[in-house]
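Colleague: To start, I am sharing the structure in question, which I have written as structure tokens.
The values are calculated or read from the model by the stated rules, or taken from the named source; none is laboratory data. From a predicted model like this one, the values you see are computed outputs, not experimental measurements. Keep in mind that these areas ignore ligands, DNA and RNA; they rest on the heavy atoms of the full protein, side chains included. Shrake-Rupley method; radii C 1.70, N 1.55, O 1.52, S 1.80 Å.
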Amino acid sequence: MSELTLAQQIAAFAEGTSYDDLPADVVESVGMRVLDTLGIAVAAADLDTSRAARSWARDQAGGGPASAVGVDAPLPANLAAFVNGVLAHSLDYDDTHLPSVLHPSATVIPAALAAAQAHGADGRELVRGIAIGLEVCVRLGMAGYDAEKKNSTFFENGQHATSICGAMGGAVAAAVIGGASAASITDTMGVAASMASGIIEANRTGGTVKRIHCGWAAHAAISAASLVEYGITGPPTVLEGRFGFFQSWLHGTYDPAQVSDGLGTTWSVPGIFVKPYPANHFTHAAVDAASALRVAGIAPDDVRRLTLGVPAPNLRTIGEPIDVKRAPETGYMAQFSGPYAVAVGLLGGSGLGAGLEDYTDELAHDPARRAIMAKVDVVADDECTDIFPHQFPAVLTAELEDGRTVVEKVLTTRGGPQRPLSFDEIASKFATNAGRNLDPAAVATLSAVCRDLAAASSMDDLLTPLTLIDPAPSKGLTHA
């Protein structure tokens, strides 16, 4: 074979990129994402699905080298990655890449942490592995992005790109941390591709299975890298081959340049959006726009009518059917409601502007919030549609009782490269999330470790405190 396949190009990039080759903003970004992901996992520990994941993992096998949130005994690496991946994705609070609409960290980071413990890796090796794994995950997702339709082909085919691409990126991260050669990294992708999976029908008709997708992808990532160590091999044409990854998932419609162009010189990692609010990302600009009204001195009683303009493709998720979106029955339904997001912003939320405490079953029925939601119409806005999906913008028009009309435009999404969150803001989000089950001293220690993650001598100091939590049920989180 005279030219390198796409998988071989990725493998050469992964093997040839040292920690010292990583740009400073990539290194900083990785530390922030580890802190963010662990905080979300701790906050999700008391969900019924999280308890199920931990119980299942405990029942599978005996001890091992790796740690999982809320499991007080060591686990095999693939099972620890499974538990942490389930928890990291269960609250819809994990980071998002646009326009691919992937959630890369919820798979790649649990896989990398488990691999680091299994191989005794230090902070530099961990940061390197995560950076490379996130980059691979995003590039595979972008290969399936249809710029003309402004949508992911994975999504249109009913596939959960987050877990499918996450298994691949997580496998590369695990292989890199394990010291694999380029040939072995290629094999690892070849094996992981046969394990990558995820369909999103549960988004339409119910079920909690989506919560395990990132955990299963992380489990697949660790398993694939380990099987290669035992001698299993994969096809070098696993990505572009006649019966490969892109043919199988995308029916042969993909952009190979998204995988290879600028690989090793142009990094996507720092541009992955961090969620400041624990709700569907399409609703975030609505929170910000309504918050701007509140800061301007406009109270709920001052408002006669509110019109929330959003990108046309977002309408079906956060604005339809409008009667349901104005009266969500649960906190989980509220996470996908444009009118509820307006209510949160107008009343003022916790954390960075909206926190987990603002999305409960009780507050979904709160009369004050229901009164605000009843005033909200959600419509397609041409300006927002033109910007989508590189941002998730909103235009909020308030018609006031005194006859005035006030318009608030939020055209860039908070937490993205145009409006990034600082490390201190991420640490604040972490403290709010992890503080549900960790004492303040542990919260401060973990924040300090992630601020300079490359300096860590092992992952045990980072992960051991998380195994000792004893999550109580409920605490206001929905178990839907």
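Colleague: Where Rh denotes the Kirkwood radius from the mean inverse Cα pair distance, what is Rg over Rh for the range 158-256? The partial results should precede the final answer.
Modeller: Details: Rg = 13.8 Å, Rh = 13.7 Å.
For the range 158-256, the value is 1.00.
Colleague: By its C-alpha gyration tensor, with a ≥ b ≥ c as the square roots of the eigenvalues, how is the range 247-351 shaped: rounded for a/c under 1.5, else prolate for a/b larger than b/c, else oblate? Mind dumping the intermediate values first?
Modeller: Values: a/c = 2.92, a/b = 1.88, b/c = 1.55.
Prolate.
Colleague: Quick one: Karplus J couplings for the range 298-304, per residue in order, coefficients 6.51, -1.76, 1.60, θ = phi - 60°, nearest Hz, x for Gly and Pro?
Modeller: 8, 9, x, 5, 6, 9, 8
Colleague: Related question: For PHE392, PHE336, PHE243, give the ranking by accessible area with the largest first, probe 1.4 Å.
Modeller: Values: PHE392 0, PHE336 45, PHE243 170 Å².
Greatest to least solvent exposure: PHE243, PHE336, PHE392.
Colleague: Follow-up. Take the solvent-accessible surface of the protein heavy atoms, probe 1.4 Å, and return the percent of it on the chain that carbon and sulfur atoms account for. Present the calculation step by step, with values, prior to reporting the outcome.
Modeller: Values: 9010 of 17380 Å².
Heavy-atom surface of the chain belonging to carbon and sulfur, 1.4 Å probe: 52 percent.
Colleague: Rank these residues by their accessible area, most exposed first, probe 1.4 Å: THR237, THR413. Don't jump to the answer; show the numbers that get you there.
Modeller: On the way: THR237 55, THR413 5 Å².
So, going from the largest accessible area down, we get THR237, THR413.
Colleague: Another one. Using only Cα atoms, what is the ratio of the radius of gyration of the chain to 2.2 N^0.38 Å?
Modeller: Numbers: Rg = 21.7 Å, N = 480, 2.2 N^0.38 = 23.0 Å.
Compared with the compact-globule rule of thumb, the chain sits at 0.95.
Colleague: Can you work out the accessible area per residue across the range 138-200, with the rest of the protein chains kept in place, probe 1.4 Å, in square angstrom?
Modeller: 29 Å²
Colleague: While we're looking at this one, here's another question. Taking every eigenvalue of the Cα gyration tensor of the range 1-116, multiplying by 5 and rooting it, what semi-axes result, largest first, whole Å?
Modeller: Semi-axes (√(5λ), whole Å): 29, 18, 14.
Colleague: Straight-line reach from LYS375: which lysines have Cα under 29 Å away, leaving out those fewer than 8 places along the same chain?
Modeller: Straight-line reach from LYS375, under 29 Å: LYS275, LYS325, LYS409.
Colleague: For the range 346-408, what is the accessible area per residue in Å², given a 1.4 Å probe and the full set of protein chains? Can you show the working numbers first?
Modeller: Values: 2700 Å² over 63 residues.
Here the residues of the range 346-408 average 43 Å² of exposed surface.
Colleague: Output the 0 to 90 degree angle, nearest 10, between the alpha-carbon long axis of helix 440-451 and the longest principal axis computed from the alpha carbons of the chain.
Modeller: 60 degrees
Colleague: Further question: Once you have the Cα-Cα distance between ARG451 and GLU401, take 0.36 nm times their residue separation minus that, and quote the gain in nm to one decimal.
Modeller: Values: separation 50, 0.36 × 50 = 18.00 nm, distance 4.82 nm.
Result: 13.2 nm gained on full extension.
Colleague: For the range 283-425, take N as its residue count and report Rg(C-alpha) divided by 2.2 N^0.38 Å. Numbers along the way, then the final one.
Modeller: Working: Rg = 14.0 Å, N = 143, 2.2 N^0.38 = 14.5 Å.
Taking N as the residue count of the range 283-425, the ratio is 0.97.
Colleague: Could you order TRP216, TRP267 by accessible surface area, starting with the largest, using a probe radius of 1.4 Å? Write out the running numbers ahead of the final one.
Modeller: Details: TRP216 100, TRP267 40 Å².
Accessible-area ranking of TRP216, TRP267, largest first: TRP216, TRP267.
Colleague: Cross-link candidates for LYS210: which aspartates and glutamates have Cα within less than 18 Å, leaving aside residues fewer than 8 places away along the same chain?
Modeller: Reachable aspartates and glutamates: ASP46, ASP48, ASP92, ASP94, ASP95, GLU156, GLU201.
Colleague: Rolling a 1.4 Å sphere over the protein heavy atoms, what is the accessible area per residue of the range 216-304, to the nearest Å²?
Modeller: Numbers: 3720 Å² over 89 residues.
Per residue, the range 216-304 has 42 Å² of solvent-accessible surface.
Colleague: At 10 °C and 1.306 mPa s, grab the translational diffusion coefficient of the range 302-342 from Stokes-Einstein with a Kirkwood Rh over Cα pairs, rounded to a whole number in µm² per second.
Modeller: Working: Rh = 10.6 Å.
D = 150 µm²/s.
Colleague: Could I ask something else about it? Considering the Cα positions of the range 136-183, please state its Rg to one decimal place and its Dmax as a whole number of Å.
Modeller: 13.0, 40
Colleague: How large is the Rg to Rh ratio of the range 386-480 when both quantities use alpha carbon positions and Rh follows Kirkwood?
Modeller: So for the range 386-480, dividing Rg by the Kirkwood Rh gives 1.16.
Colleague: Would you tell me the accessible area of THR233, worked out with a 1.4 angstrom probe on the heavy atoms of the protein chains, in Å² to the nearest 10?
Modeller: Number for this one is 100 Å².
Colleague: I would also like to ask the following. On average, how much area does the Cα convex hull of the range 219-264 cover when viewed from any direction, in nm²?
Modeller: Working: hull surface 17.4 nm².
That works out to 4.3 nm², a quarter of the Cα hull's surface.
Colleague: Could you tell me how many cubic angstrom of Cα convex hull volume the range 1-58 has per residue?
Modeller: On the way: hull volume 9.3 nm³, N = 58.
Considering the Cα atoms of the range 1-58, their hull volume per residue is 160 Å³.
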